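**Q** Structure incoming, see below.
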Amino acid sequence: MNEMQTELLKTIAKFCQDQIEPTAEHDDREGIFKPEIYQGLGELGLCGITTSEQYGGLGLKYEDLCLALEELAKSSVAYAVTLSVSTMVQSILENFGNEEQKKKYLPALAEGREIGSFCLSESHAGSDASSLKTTAKKVEGGYILNGSKMWISTAGFSKTYIVMARTGGPGSKGISAFIVRDGMEGFSFGKKEDKMGWRASHTREVLFENCFVPEENLLESEGVGFKVAMSALDRGRITIAAIACGLSARALAEAVKYSLERQQFNQAIFDFQGLQWMMADMDTELQASRLLTYKAAENFDQGIKNVKLASMAKMKATDTAMYITTDAVQIHGGVGYTKEYPVERYMRDAKVLQIVEGTNQVQKIVIAREIKKEYLG
Ligand code: COS
């Protein structure tokens with residue numbers, strides 16, 4: 001790690017200690033998202049880590065973003081995910097937006113004054129994303145959007161929504177990407193999900209009822225929306241892997257701490273070989289996940305084709321987070337299953353990491369397709 005990265009991690013750790021940790025359990029229980037915490041991250045420059053400096057970001061690498069998310073996720077997966085998705089929205093704007101769109105929307109997102117959401121999934125189009133049904137009908141001066149999007153992170157708090165909608169025929173080539181802003185007529189929010197984990201991050205349905213979106217809010221051109229979404233997910237999946245590593249590291253640390261303190265049969269339970277072997281396996285899996293995650297980030301930063309490694313990192317690190325958080329509960333025994341200790345929250349937070357940004361079964365489809373392409377040349 002270089003000096004800048006060490007400083008970055010110290011700053012985040014202190015922010016988490018002061019601002020997030022004191023109410024993390026309460027906010028999880030009550031489902032409270034605090035915009036002021038996100039703005040605080042923005043004041044530290046963390047909301048646009050990979051966005052170019054000319055648009056208000058830090059212009060750093062994905063490796064730096066992963067390190068930051070990993071540190072943040074040790075205290076709160078909810079805020080880490082908000083940051084990761086809003087950064088993905090910025091990457092879409094920076095890569096596919098025109099100069100006017102970048103100037104108009106990026107600075108507020110990069111500075112943390114606004115949050116961005118990514119709207120691909122629908123009730124009948126989750127894994128099969130290219131079957132989405134939300135329509136965008138061309139009219140004079142713009143498009144009329146009708147339909148709904150499901151499981152949208154931070155909906156209700158976000159201002160900018162990247163929305164994939166159908167402008168053409170069936171399949172991936174009929175999909176376009178739009179910038180939709182909260183407050184546009186015909187844009188509203190549906191039910192807020194009552195989730196198992198990530199409870200401090202709000203997840204809602206968003207609705208479009210004859211929602212007029214001006215032509216200038218179309219990204220690039222009609223028909224490229226699916227590619228916009230997939231290439232954004234190639235980046236997003238690496239950041240989800242980093243979040244999973246942070247969560248795993250924290251759960252392991254809590255398990256080690258507890259096992260050194262807890263006495264049974266006149267010794268710390270850490271001293272039982274059975275538990276030592278559990279923790280040795282947990283740390284080995286964590287280190288393997290981190291290596292894959294940071295290799296995927298490094299490749300991305302170097303412009304090396306990355307689809308397979310991004311999916312591998314996402315799958316490995318999130319499966320590892322589920323495994324480590326489950327064993328962390330096990331090491332705590334009965335109290336691990338109560339809200340007296342944080343490991344039950346970690347276990348709940350881990351589960352959805354295996355589902356978001358493509359289930360781990362979808363990652364296997366992506367990996368297998370890439371293997372086939374490599375074989376066929
Ligand atoms: N980058 C750029 N383009 C991509 C791409 C990528 N990573 N992956 C696919 N594409 C392109 C393909 O090249 C293809 O274009 P052409 O027809 O011009 O060749 C087009 O997109 C369609 O690709 P494909 O045929 O692979 O699409 P499928 O409908 O088979 O879907 C999966 C592929 C399953 C991988 C995709 O639907 C997916 O990722 N689903 C999960 C969705 C998801 O992650 N949702 C979470 C939302 S955020 S919580």
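The values are calculated or read from the model by the stated rules, or taken from the named source; none is laboratory data. Since the model is a prediction, treat every value here as computed from it, not as a measurement. For neighbour counting, all protein chains shown are included, and Cβ atoms are generated from backbone atoms with ideal geometry for every residue, glycine included. Each accessible area value is taken on the protein alone, full model and side chains, heavy atoms only, with ligands, DNA and RNA left out. Shrake-Rupley method; radii C 1.70, N 1.55, O 1.52, S 1.80 Å.
**Q** Suppose we look only past 19 Å in the calculated P(r) of the range 227-376. What percent of the Cα-Cα pairs does that tail hold?
**A** 55
**Q** Right, next: When a/c reaches 1.5 or more, the comparison of a/b and b/c decides; with that in mind, is the range 71-133 rounded, prolate or oblate per its Cα gyration tensor?
**A** It is oblate, given that a/c is not under 1.5 and a/b is not larger than b/c.
**Q** Next question. Treating only the Cβ of Lys, Arg, Asp and Glu as charged (+1, +1, -1, -1), what charge dipole size does the range 93-242 show about its Cα centre? Round to the nearest 20 debye.
**A** Its charge dipole is roughly 380 debye.
**Q** If you count only protein heavy atoms with a 1.4 Å probe, what accessible area per residue comes out for the range 264-357, rounded to a whole Å²?
**A** Ligands and nucleic acids excluded, the figure is 48 Å² per residue.
**Q** Could you tell me how far the Cα centroid of the range 135-191 sits from the Cα centroid of the range 1-46, in Å?
**A** Taking the Cα centre of the range 135-191 as reference, the centre of the range 1-46 is 31 Å away.
**Q** Shifting gears a bit: In whole angstrom, how far apart do the alpha carbon centroids of the range 281-317 and the range 233-252 sit?
**A** Comparing the Cα centres of the range 281-317 and the range 233-252, I get a distance of 10 Å.
**Q** May I ask you to rank Trp151, Trp198, Trp277 by accessible area, largest first, using a 1.4 Å probe over the protein chains only?
**A** Ranked from most to least accessible, the order is Trp277, Trp151, Trp198.
**Q** Would you mind counting up the charge near Ile324? Only other residues with Cβ under 13 Å from its Cβ, with Lys and Arg at +1 and Asp and Glu at -1.
**A** Combined, the nearby Lys, Arg, Asp and Glu give -2.
**Q** I'd like the carbon and sulfur percentage of the solvent accessible area for the range 227-376, probe radius 1.4 Å, heavy atoms only, ligands and nucleic acids excluded.
**A** Solvent-exposed carbon and sulfur of the range 227-376 make up 60 percent of the total.
**Q** Determine, at each q value in 0.14 (inverse angstroms), the log₁₀ of I(q)/I(0) that the Debye formula gives when each Cα of the chain is one equal point scatterer.
**A** Debye output, listed in q order: -1.19.
**Q** Where does each of 204-214, 364-374, 297-307 land if you order them by average Cβ count within 10 Å, highest first?
**A** Final packing ranking: 204-214, 297-307, 364-374.
**Q** Once the convex hull of the alpha carbons of the range 208-259 is built, what does its volume come to per residue, in cubic angstrom?
**A** Convex hull of Cα atoms, per residue: 128 Å³.
**Q** If you don't mind, another one. For the range 3-114, which whole-number percentage of the solvent-accessible area (1.4 Å probe, protein heavy atoms only) is attributable to carbon and sulfur atoms?
**A** Looking at the range 3-114 in its full context, I get 47 percent from C and S.
**Q** Just the number please: accessible area per residue for the range 122-239, 1.4 Å probe, all protein chains included, in Å².
**A** On a per-residue basis, the range 122-239 sits at 41 Å².
**Q** When only C-alpha pairs under 8 Å and at least 6 residues apart count, what is the relative contact order of the chain, in percent?
**A** 16
**Q** Distance in nm between label sites at Asp283 and Asn266, each 7 Å beyond Cα in the beta-carbon direction?
**A** 2.8
**Q** Expressed in nm to one decimal, what extension gain is obtained for the pair Met230 and Lys373 from 0.36 nm per residue of sequence separation less their Cα-Cα distance?
**A** 49.8 nm
**Q** Give the carbon-plus-sulfur fraction of the accessible surface of the range 117-223 in %, rounded to a whole number; probe 1.4 Å, heavy atoms of protein chains only.
**A** The computed percentage sits at 50.
**Q** While we're on this one: What accessible area per residue, rounded to a whole number of Å², is obtained for the range 1-114 using a probe radius of 1.4 Å?
**A** 40
**Q** Projected onto the charge dipole of the range 227-376 (+1 at Lys/Arg Cβ, -1 at Asp/Glu Cβ, origin at the Cα centre), which of Ala232, Ile355, Ala280 gives the Cα projection farthest towards the positive end?
**A** Ala232
**Q** Rg and Dmax in Å for the range 117-223, alpha carbons only: what are they?
**A** Using the Cα atoms of the range 117-223, the pair Rg, Dmax is 13.3, 44 Å.
**Q** Could you go through the range 204-220 in sequence order and give the Karplus-derived ³J(HN,Hα) for each residue, using 6.51 cos²θ - 1.76 cosθ + 1.60 with θ = phi - 60°, rounded to whole Hz, and x for Gly and Pro?
**A** 9, 7, 10, 10, 10, 10, 6, 7, 7, 10, x, 3, 5, 9, 6, 8, 6
**Q** Loop-only check: which GluC sites (Glu not before Pro) in the range 105-170 are DSSP coil with at most 16 other Cβ within 10 angstrom?
**A** Listed in order of number, the matching sites are Glu140.
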